[in-house]
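J.: Have a look at this one.
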Amino acid sequence: MTRVLVVEDDPQLVRALVLNLQARRYGVDPAPDGTTALRLAAARQPDVVLLDLGLPDMDGTDVIRALRGWTRVPILVLSARRASDEKVAALDAGADDYITKPFSMDELLARLRAAVRRTEDVPLAPDTTLVTTDGFTIDLLAKKATRGGHDVRLTPTEWHLLEILVTNPGRLITQKHLLQEVWGVSQSNKTNYLRVYMAQLRRKLEADPAHPRYLITEPGMGYRFES
């Protein structure tokens, strides 16, 4: 059973989420504040986290940072904050997706399913499990990245995005394809997700993120990995 941690202080929304998730055979643990959320995350080891940013005891971005200190569990933000800088801040902190309130339950469930899929192990051919460059090494089977002899911590979304690119070296992967595969959406207005995550990957893997050698942008079209 897939276990979902719902971090939300609105009782009505919590009830709606719990009912809808349980009806689809998800296990649900509700948490009304950040402190409870962090305690439950450690105790229950959820498969995915639904997180409101406006919590009574701390900001949701602090919860994201705390979780990212020890887990790569997918984190989907549910927030009434619509400003672009708020979304970028949450994604930069380590969130995997951002859904603005009010939202469609069908869309939320689709995003949740996509988040869970990103964490599932996908069998890879032996010759594609290890990708080595002069700057970094990616072990796709172990889901491990190293750079300069040190491990690089990547979120599930960063892993999924990187995996698609490095298993198709030299091939242009369109924005639409990446959005569909990684987030389960294909709307062109979600391309800011790609920009944020590609910037994060470059900061973590490229020697000169402003002039990337491996993770290349094809303006207006998509991205490709040059080995």
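The values are calculated or read from the model by the stated rules, or taken from the named source; none is laboratory data. Since this is a predicted model, take the numbers as computed values, not measurements. Every residue, glycine among them, receives a Cβ derived from its backbone with ideal geometry; neighbour counts consider all protein chains shown. Surface areas here come from the heavy atoms of the whole protein model, side chains and all, with no ligands, DNA or RNA. Shrake-Rupley method; radii C 1.70, N 1.55, O 1.52, S 1.80 Å.
J.: Considering only protein heavy atoms and a 1.4 Å probe, what is the carbon-and-sulfur percentage of the accessible area of the chain?
T.: Summing carbon and sulfur atoms, their accessible area is 49 percent of the total for the chain.
J.: Principal axes first, then extents: for the Cα atoms of the range 62-120, list largest minus smallest coordinate on each axis, whole Å, largest first.
T.: Taking max minus min along each principal axis of the Cα atoms, the range 62-120 gives 31, 30, 14 Å.
J.: For the chain, what does the accessible surface come to per residue with a 1.4 Å probe? Please give it in Å².
T.: Using a 1.4 Å probe on heavy atoms only, each residue of the chain averages 48 Å².
J.: Next question, about the same structure. Please give the peptides 98-109, 51-62, 200-211 ranked by average Cβ packing (other Cβ atoms within 10 Å per residue), highest first, as a rough proxy for protection.
T.: On the way: 98-109: 13.4, 51-62: 18.2, 200-211: 15.3.
So the order, starting with the most tightly packed, is 51-62, 200-211, 98-109.
J.: Sorted by average packing, counted as other Cβ atoms within 10 angstrom per residue and highest first, what order do 28-34, 91-97, 129-135 take?
T.: Ranked from most to least packed, the peptides come out as 91-97, 28-34, 129-135.
J.: Taking every DSSP beta bridge with both residues inside the chain, roughly what % is antiparallel (nearest 5)?
T.: If we restrict to bridges inside the chain, about 50 percent are antiparallel.
J.: Could you tell me the relative contact order of the chain? Use alpha-carbon pairs under 8 Å, at least six residues apart, and round to a whole percent.
T.: Result for the chain is 13 percent.
J.: Please list log₁₀ I(q)/I(0) at q = 0.12 Å⁻¹ for the range 1-114, using the Debye equation with identical point scatterers on the alpha-carbon positions.
T.: Summing over Cα pairs of the range 1-114 leads to -0.35.
J.: From zero up to wherever the largest Cα-Cα distance of the range 143-214 sits, split into 5 Å bins and tell me the percent of pairs in each.
T.: With 5 Å bins starting at 0, P(r) equals 3, 15, 26, 27, 19, 8, 2, 0.
J.: Next up: In whole Å, what three semi-axes, largest first, describe the equivalent ellipsoid of the chain built from its Cα gyration tensor (square root of 5 times each eigenvalue)?
T.: For the chain, the ellipsoid semi-axes come out as 31, 18, 17 Å.
J.: Please give the calculated 222 nm ellipticity per residue for the chain, where each DSSP H segment of at least 4 residues contributes -39500 (n - 2.57) and the sum is spread over every residue; nearest 500 deg cm²/dmol? Each step should come with its number before you reach the end.
T.: Details: 8 runs with 88 residues, N = 227.
That comes out to -11500 deg cm²/dmol.
J.: Count of lysine pairs in the chain with Cα atoms under 25 Å apart, counting only pairs 8 or more residues apart in sequence or on different chains?
T.: 12
J.: If I take every Cα pair under 8 Å that is 6 or more residues apart in the range 1-104, average their sequence separation and divide by the length, what percent do I get for the relative contact order?
T.: The value is 24 percent.
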